[in-house]
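**Q** Sharing a structure below in structure tokens format, with a few things to ask.
FYI, it's all coordinate maths here, none of it is from the lab. What you are looking at is a predicted structure, and each value in this text was computed from that prediction instead of being measured. Methodologically, a virtual Cβ is constructed for each residue, glycine included, from the backbone with ideal geometry; neighbour enumeration extends over all protein chains shown.
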Amino acid sequence: MTAFPKLKSITLREVHLPIVHPFRTSFGVEEIKHAIIVEIRDEDGNTGWGETTVMNVPSYCYETIDTAWSIQTKFLIPRLSQLNKDQFDIDSLFSAWAPVRGHEFAKGGIEAALWALLAESTSKNLGAIYGASKQKIPTGVSIGIQKDVAALLERIQFFLDQGYQRIKMKIEPGWDHEIVKRVRDEFGDIKLMVDANSAYSLDDIGVLQQLDQYELMMIEQPLAYNDILMHKQLQDQLETPVCLDESIHNPRDAKLAIEYGACRIINIKPGRVGGYHNAIQIAKDNGQGAVWCGGMLETGIGRLHNVYLQARDEFIIPGDTSGSDRYYEKDIITPAVSVDDEGYIQVPTGNGLGAEINAEQLNEYTAGSLHIDF
Ligand code: OSB
Ligand code: MG
């Protein structure tokens with residue numbers, strides 16, 4: 001395995017970015033995106049950027065910005081510092097971090113920066129590190145729960161006009177099959193799917209079966225965030241493929257869920273599964289049609305990492321990686337990520353991350369930072 005370069009320093013920055021259009025899911029509203037931007041430098045002056053994409057509140061998963069910061073500074077960075085005394089690769093990193101259970105987002109943010117640094121220091125595009133083979137990736141958009149149906153229809157039209165290839169709408173009890181019917185009636189056979197963020201239980205099987213008539217691409221995480229068994233019981237009684245998001249934290253979870261029949265599709269969020277190494281493993285294990293790339297409203301840094309991941313050939317289902325302008329007035333990278341009018345994102349070809357960090361913008365959004373020399 002390829003060794004990472006000798007590290008010189010790491011800087012963590014907690015950033016707060018106002019979201020242009022507040023995002024409502026069954027677990028709450030996001031108005032400000034919090035993230036920890038990770039910058040790692042090597043001894044030759046190369047820089048790798050990564051993003052800890054977790055949320056500020058423990059409602060999507062138990063991790064938060066504060067827990068990630070704590071785990072990174074108290075456990076992950078000290079172990080990385082020990083490793084850095086000799087050459088190390090991804091396997092030795094995973095061994096060094098193995099005693100730290102869970103906290104996948106905290107690990108994933110640092111791991112992402114290491115891959116970007118490896119790309120930069122070897123004068124390669126990050127896509128080459130992630131096994132990219134495509135020049136452009138198909139993409140979709142995730143639309144939150146709106147105040148009424150008219151607002152939802154307007155919002156969907158807005159994104160279809162921009163070219164997005166697939167619409168994901170958030171659902172919750174009371175905002176589900178009747179609303180999906182209205183969307184189908186209005187937009188015909190667009191690529192459509194729903195995401196419940198764990199808002200249902202097996203008692204709601206009747207409502208969930210109603211959704212079968214709308215030929216949805218999938219229903220994402222209908223039941224509990226920590227469940228596999230009930231999703232299996234649900235999938236047995238549903239025609240629509242179940243997709244798991246919150247329930248999957250590593251390649252083994254993904255294998256269990258797929259082989260057991262709890263779902264037919266995995267939403268890969270690299271942060272949620274402990275980084276890009278694991279994300280790629282899940283993609284390889286399950287293949288085209290059974291995986292796609294989700295999102296956590298990433299800033300441009302996390303967004304670009306996800307673009308490169310999706311340039312791998314397993315990713316044929318359009319992801320939740322929308323253009324920067326769908327989330328932020330000003331992104332922290334230049335150029336920002338943009339979607340063309342056929343719903344594709346061009347994969348950048350430059351070295352490393354393939355975009356510049358907009359330092360002024362990054363500083364403006366930074367609420368606190370910590371610099372550690374190795
Ligand atoms: O469940 O996929 C989800 C955003 C934050 C937390 C959870 C989810 C989402 C999204 C938006 O659906 C994906 C994106 O546009 O980045
Ligand atoms: Mg989801």
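**Q** Can you tally the net charge around ASP161? Count Lys and Arg as +1, Asp and Glu as -1, for every other residue whose Cβ sits under 14 Å from the Cβ of ASP161.
**A** -4
**Q** What is the Cα centroid distance between the stretch 5-59 and the stretch 103-155, reported in whole angstrom?
**A** Taking the Cα centre of each part, the stretch 5-59 and the stretch 103-155 sit 12 Å apart.
**Q** Using alpha-carbon pairs under 8 Å, 6+ residues apart, how would you state the relative contact order of the stretch 166-233 in percent?
**A** Answer for the stretch 166-233 is 36 percent.
**Q** Relative contact order for the chain: what percent, with Cα pairs under 8 Å and sequence separation of 6 or more?
**A** Result for the chain is 23 percent.
**Q** Cα centroids of the stretch 297-374 and the stretch 200-224: how far apart, whole angstrom?
**A** Here the two parts' Cα centres lie 32 Å apart.
**Q** Now a separate question. At q = 0.11, 0.12 Å⁻¹, what is the log10 ratio I(q)/I(0) for the chain, with the Debye formula run over Cα points and no solvent?
**A** Rounded to two decimals, the profile gives -0.72, -0.86.
**Q** Could you work out the local net charge near ALA96, counting Lys and Arg as +1, Asp and Glu as -1, over the other residues with Cβ closer than 15 Å to its Cβ?
**A** That works out to +1.
**Q** Another one. In percent, what relative contact order does the stretch 129-346 have, based on Cα pairs under 8 Å that are 6 or more apart in sequence?
**A** 25
**Q** Pairs LYS147/LYS232; LYS124/LYS170; LYS124/LYS269; LYS181/LYS330; LYS8/LYS136: which exceed 31 Å Cα-Cα?
**A** Listed pairs above 31 Å: LYS147/LYS232; LYS124/LYS170; LYS181/LYS330; LYS8/LYS136.
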